[in-house]
């Protein structure tokens, strides 16, 4: 028991980051504007965690999360206000132009992040750099899609979260590994839930 308490004490920042992130996820699925506050809290804590774990791309990504969460908070609040609390879910993949632009931006982000990591990494190019670049680039796109309530964001998160499980487990971030296992299943549920909500609203 004492060993468990000691381990929790040593990993309390990651524990609270996980709790905030789970609350953020739940409220996002429910389309609650307040979710973005918890996203900001979680990302702030993960900035420290990823710095300590030498996952520098993911650390930098948290600054983006904080900024985009502020935008998401503003966007959801304003859109809900303008539409009488009825800011609707949209479908990005029905628009070929959006799909093309998202694909191009994703590739450019991946190349840019990979270049930075490979240039400044003391260990040189390794499998973690490929994974970190992949997760970071797609996460940037996916969280932007979430601010626009694009339902395909959840498909993207299923892919991102699945890859992230192995990355965080390798780095011995066990709370975060658990978080992303939950994220993976929750993203599947979220996609189904949002699709159901959209069907009800359009009938």
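Here are a few things to note about the model shown:
- Residues of the stretch 135-148 that turn out to be more than 18 Å from residue 63 (Cβ to Cβ) and either modelled with pLDDT of 95 or more or crowded, with 20+ Cβ neighbours inside 10 Å (or both), as a count: 1
- The residue list 184, 176, 162 contains one member that is modelled with pLDDT of 90 or more and surrounded by 16 or more Cβ atoms within 10 Å (Cβ to Cβ), which is 184.
- Test result for residue 48, surrounded by fewer than 17 Cβ atoms within 10 Å (Cβ to Cβ), under 19 Å from residue 139 (Cα atoms) and either modelled with pLDDT of 90 or more or touching a helix residue (DSSP H, G or I) at 6+ places or on another chain (Cβ under 7 Å) (or both): yes
The values are calculated or read from the model by the stated rules, or taken from the named source; none is laboratory data. Bear in mind the structure is a predicted one, so any value in this text is a computation, not a measurement. All Cβ positions, even for glycine, are placed from backbone atoms using ideal geometry, and neighbour counts span all protein chains on display.
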